[in-house]
Amino acid sequence: MKIIIERPEVINEGTSLLMVNRHLERIGDHICNICEAIVYMVEGRREHLN
């Protein structure tokens with residue numbers, strides 16, 4: 001955020017990178033959910049991986 005404030009010409013690039021970060025975090029959350037479901041299907045126990 002500091003760079004965006006100091007250099008307004010990079011606002012579009014900075015915003016895009018922030019959105020990429022947000023989406024990667026969501027992908028990671030979905031992967032954890034899938035892994036939890038796999039553990040439940042294979043072993044029959046609930047596992048919280050976050």
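Odds and ends about this structure:
- Taking label points 7 Å from Cα along the Cα-to-Cβ direction, A37 and K2 give a separation of 4.1 nm.
- If you sort the three axes of the alpha carbon gyration tensor as a ≥ b ≥ c, you get a/c of 1.5 or more for the chain and a/b above b/c, which makes it prolate.
A short reminder: the numbers here are calculations on the coordinates, not readings from a lab. No experiment lies behind these values; they were computed from the predicted model shown. Note: ideal-geometry Cβ built from the backbone for every residue, glycine included; neighbour counts use all protein chains shown.
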